[in-house]
1. Pairs needed: first member in segment A:62-74, at negative phi; second member anywhere, of a type in the set (Asp, Glu); C-beta distance under 9 Å; at least 6 residues apart or different chains.
2. Could you list, in sequence order, the residues of segment B:438-462 that are closer than 14 Å to B:Ile354 by Cα and open to solvent by 50 Å² or more (accessible area, probe 1.4 Å)?
3. Enumerate the strands (runs of 3 or more DSSP E) found wholly within segment A:41-149, keeping only those where 1 or more residues are open to solvent by 40 Å² or more (accessible area, probe 1.4 Å).
4. Filter segment B:219-237 down to the residues that are open to solvent by 20 Å² or more (accessible area, probe 1.4 Å) and farther than 19 Å from B:Gly99 by Cα, then identify the one that is farthest from the chain's Cα centre (by Cα).
5. Go through segment B:244-264 residue by residue and tally those that are aliphatic (A, V, I, L, M) and surrounded by fewer than 22 Cβ atoms within 10 Å (Cβ to Cβ).
6. Tell me whether segment B:295-304 contains one or more residues that are of a type in the set (Val, Ile, Thr), under 25 Å from A:Cys96 (Cβ atoms), open to solvent by 60 Å² or more (accessible area, probe 1.4 Å) and more than 24 Å from the chain's Cα centre (by Cα).
7. Just to verify a result, which residue in segment B:208-218, among those that are in a loop (DSSP other than H, G, I, E, B) and open to solvent by 100 Å² or more (accessible area, probe 1.4 Å), is farthest from ligand 2 (Cβ to nearest atom)?
Amino acid sequence: MKIKCQVFCWFIVCSLWFMAGSSFAQAEKFFEVKAKKFSYTPNIIEVNKGDLVRIRLISEDVHHGFFVDGYAVSTSAHPGQDGSLKFTADKPGRFCFRCSVTCGEFHPYMVGYLVVKPNSRFSMSAAAVILIGLGSLVIVFRKKENEQG
Amino acid sequence: MSKDKLFGLVDLDWRFELTKFRPVRALFKSRWFPLLPILFNLFIFVIILLAGFLGGYSAGNYNFGIMIVWILWWVMLMFVLVPVLSRAWCLMCPFPIFGEWAQRGALFGVNMGKLGGLNLKWPKALKNMWIMNVFFLVTTFFSGFFTVRPLATFILLGLIILIAFIMGLIFEKRSFCLYVCPVSGFQGLYSQFATTEIRSKDPQVCKEHKLKTCYLGNEKGYGCPWLLAPFSFRKNTYCGMCLECFKSCPYDNMAFNLRPPGADLLVDDKRGLDEAWKSFIMLGIAMVFFLSMQGPWGVLKDMVRASTLRGYLTFITFHTVLCLLVIPGIFFVFSYLSKVFSGNKEVSLKKLFINFSYTLIPIGLGAWIAFSFGIVLPNGSYILHILSDPFSWGWNLFGTKNVPWTPVFTHSLGYLQGITLLVFYLFSLAYGFRLSKQTFPGLQEAKRGWIPIFTFLTLTTLLFLWLYIG
Ligand code: SF4
Ligand code: SF4
Ligand SMILES: [Cu+2]
């Protein structure tokens, strides 16, 4: 019983690792992102791991920036003067892109999401929560009378 | 009987007295401490207020007040002050100092006579967390202002200081801190998780000391300003760490201890619906703050910053309903299921609901710490700027005025948030089952009754995980 359980857990963990590590064929993805106080359109950009991402940043009001967490690349745009950006999405996970130019009071909250699929950070953490949770339940149910802890 | 060990590692009764070191005890007994930190913070808060006032309605990320309060102070509270040092902020908090000063008529020495002001007793019906719950929730209605507009921070802090002063003149001792201060409630709630505590050492010494000077005061120190009985209180929630009892105890019987995190969660004392709701409200606010501040939805930001009145009212309504009704409602359903699963008829649903609400403290604190990572890592570098130019007058005090905005470690933000949630989830589980054993008389009932609560905690963790990194 115990062994079976362990094998099963390892199977899940390994397949998640595999999913996280496997690379997809590189494709080029182009996005036209409009920035306007205090959000981006589109606000969520989804690509696959390995994609070449190209972005044109268009500002619709004031000077805005575009900094991508995890990739540390950035650009900025004035109205009528677009910014552009190119990078290879080689790290999976969800990252924020943020405005890097103070553009008004909500500037620190001006963010969008770049999702590089598969989002293994999330699936790994979620799997960890579920596995650990179930493990703890097993421990609890094996407790005998008077046993502490 | 075998010892109850947290994660099978640390004995829950384990304590390590830090005041056994002579310099620490001497420090705690000195009247300069915590007076000096309070005065230092008073100085900082004067600058904050000034910067808030001068900064007016401008964008806040280059404002000293906004940055120190909402990046440095808030994050310090969530990262170290509360989880490690309990209510150490209240130890050095300058907000109530004017009221206390007026009561005592002395800043440094001990006034043995009658305290000034009206010294009225706080109404019994309000001796709980409800006012703080409402006050804190209402404060968050304005989060789209005070976290970004210097003037709004000025008004908020100014109001807190003013109310604290007026209440100090009317009500006895720290009534404001105990029952009104908006930052008090969550510190009290989450300080139950803290890894340190102030407690009396040897109950026998207290028993033989007929004149309870820690409660009544003597020439060395005031009677507990937080109206506790220092010789017998059992959880951190209502001890403001003012250290008066260290000074007034003639036998050095008060101690400052290290302990396993979360020890108070098992203390069945003053548990109630007010504290339960504090937990729900904190969870709700963490979600709403995340959605509006770290989420990508412009519509929501427009609501929170009141671009239209209608949008703003919609935000307030949803936020309030979520915190006060939806989360407690869902938790109620799971509590009910717990009762059904357990098969126990005697334990009241109310008791079960209240007891299990304490399982939300670790995961709530974890959600707040994870949220705070998302605030401090991207925005922390602004602090270097405002230190050099606090009033936006073009100063360059430390030569850091022109440091560009530099996000720090934001590539690892997702990992940090994920790990934080996971760790605090573990604490919730560890204390959760113990609370179940405390609630149900039989072990089998406790096991079965635990399943729905376990499910609730797991789902809550997964929800936060999905919000933050999914
Ligand atoms: S309760 Fe509020 S006002 Fe009182 S010491 Fe703590 S933070 Fe300051
Ligand atoms: S027990 Fe009372 S006197 Fe002692 S530190 Fe806490 S609040 Fe202060
Ligand atoms: Cu911007």
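The values are calculated or read from the model by the stated rules, or taken from the named source; none is laboratory data. Quick caveat, the model's predicted, so the values are computed rather than measured. Every residue, glycine as well, gets a Cβ built from its backbone with ideal geometry; the counts of neighbours run over all protein chains shown. Note: areas computed on protein heavy atoms with side chains; ligands, DNA, RNA excluded. Shrake-Rupley method; radii C 1.70, N 1.55, O 1.52, S 1.80 Å.
1. A:Tyr71/A:Asp90
2. B:Gln438
3. Working: elements: A:44-48, A:52-59, A:64-68, A:73-77, A:83-88, A:93-98, A:111-117.
Answer list for segment A:41-149: A:44-48, A:52-59, A:73-77, A:83-88, A:111-117.
4. Our first condition is that a residue be open to solvent by 20 Å² or more (accessible area, probe 1.4 Å); within segment B:219-237, this holds for B:219-220, B:227, B:229, B:231-234.
With the extra rule that they be farther than 19 Å from B:Gly99 by Cα, the set shrinks to B:219-220, B:229, B:231-234.
Details: B:Glu219: 32, B:Lys220: 29, B:Ala229: 21, B:Phe231: 23, B:Ser232: 22, B:Phe233: 18, B:Arg234: 17 Å.
That would be B:Glu219.
5. Quick first cut of segment B:244-264, residues aliphatic (A, V, I, L, M) only: B:254-255, B:258, B:263.
Narrowing further to those that are surrounded by fewer than 22 Cβ atoms within 10 Å (Cβ to Cβ): B:255, B:258.
Number of matching residues: 2.
6. Of segment B:295-304, the ones of a type in the set (Val, Ile, Thr) are B:299, B:304.
Next, from what is left, pick out any that are under 25 Å from A:Cys96 (Cβ atoms): B:299, B:304.
Among the residues that remain, those that are also open to solvent by 60 Å² or more (accessible area, probe 1.4 Å) are: B:299.
Still in the list and also more than 24 Å from the chain's Cα centre (by Cα): B:299.
Scanning segment B:295-304 turns up at least one residue that is of a type in the set (Val, Ile, Thr), under 25 Å from A:Cys96 (Cβ atoms), open to solvent by 60 Å² or more (accessible area, probe 1.4 Å) and more than 24 Å from the chain's Cα centre (by Cα).
7. Looking at the filtered set, the residue picked out is B:Lys210.
Residues are listed down the side, and each one gets a yes or a no for (1) at the interface with another protein chain (Cβ under 10 Å from one of its Cβ atoms); (2) open to solvent by 20 Å² or more (accessible area, probe 1.4 Å):
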site: B:Gly366; (1), (2): no, no
site: B:Asn379; (1), (2): yes, no
site: B:Tyr382; (1), (2): yes, no
site: B:Leu387; (1), (2): no, yes
site: B:Phe391; (1), (2): no, yes
site: B:Trp395; (1), (2): no, yes
site: B:Gly399; (1), (2): no, yes
site: B:Val403; (1), (2): no, yes
site: B:Thr410; (1), (2): yes, no
